[in-house]
């Protein structure tokens with residue numbers, strides 16, 4: 001199994017530009033999570049989906065952030081317009097929600113730099 | 001979410017056991033204790049979890065206090081590859097309690 005795949009691994013953009021981060025969860029997993037990690041705030045959950053449906057987006061910082069999961073094998077996190085304070089490492093994680101199975105499997109992350 | 005308290009950092013030597021403590025005095029009866037770790041430049045990875053009884057797997061052991069207000073992650077024989085930030089997380093058992101809330105964790109340094 002290839003694990004959770006994220007692209008791009010690194011993204012450098014200028015303030016005001018649209019940024020799209022992509023995630024392919026582990027095949028068969030039915031929950032997907034987006035996290036953001038910064039030195040100041042640590043690892044924060046932004047949003048998660050169950051069976052492609054957004055369940056909790058209370059961690060999304062503001063309307064500039066949006067996430068979609070059009071099918072079970074793909075999700076995007078979009079920032080429009082981007083700002084320097086959005087610079088962070090963004091992780092996607094997936095999980096098979098089955099009984100008491102809890103393990104989340106994280107991708108390698110996308111390091112975003114907004115100039 | 002119930003809160004956990006961990007030391008900011010710990011240091012140990014290669015091939016020695018490491019005991020990473022976690023305090024969770026406000027844990028509820030249905031909260032599971034999870035440990036994840038994050039190696040440098042990687043995403044977090046699952047280590048172990050438990051509810052009441054001690055747990056062992058190929059990576060580590062989890063010792064849970066009888067009153068469940070604290071737990072200890074045990075690496076039996078540390079290697080350089082175990083240098084990471086270790087997170088102790090409480091997670092409820094209900095359908096709605098699916099989030100993992102990460103604290104600052106313990107940064108473990110392993111000396112050769």
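The values are calculated or read from the model by the stated rules, or taken from the named source; none is laboratory data. What you see is a predicted model, and the numbers here were worked out from it, not measured in a lab. When we count neighbours, we look across all protein chains shown, and the Cβ atoms used for this are built from the backbone with ideal geometry, even at glycine.
Laid out as a table, the results:
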quantity: Residue that is within 14 Å of chain A (Cβ to nearest Cβ), surrounded by 16 or more Cβ atoms within 10 Å (Cβ to Cβ) and touching a residue at least 24 places away in the same chain (Cβ under 8 Å), where the choices are B:20, B:75, B:39, B:90; calculated: B:90
quantity: Residue match in region A:38-52 (condition: surrounded by 15 or more Cβ atoms within 10 Å (Cβ to Cβ) and more than 12 Å from every other protein chain (Cβ to nearest Cβ)); calculated: yes
quantity: Residue within region B:60-80 that is under 11 Å from the mean Cα position of the chain (by Cα) and closer than 23 Å to residue A:46 by Cα present; calculated: no
quantity: Selection from region A:73-102 of residues that are surrounded by fewer than 16 Cβ atoms within 10 Å (Cβ to Cβ) and within 14 Å of another protein chain (Cβ to nearest Cβ); calculated: A:97, A:98, A:99, A:100, A:101
quantity: From the options B:62, B:51, B:100, residue that is crowded, with 16+ Cβ neighbours inside 10 Å and modelled with pLDDT under 95; calculated: B:100
quantity: Hits in region A:73-115 - residues which are closer than 29 Å to residue B:31 by Cα and part of a loop (DSSP other than H, G, I, E, B); calculated: A:96, A:97, A:99, A:100, A:102, A:103, A:104, A:107, A:108, A:109
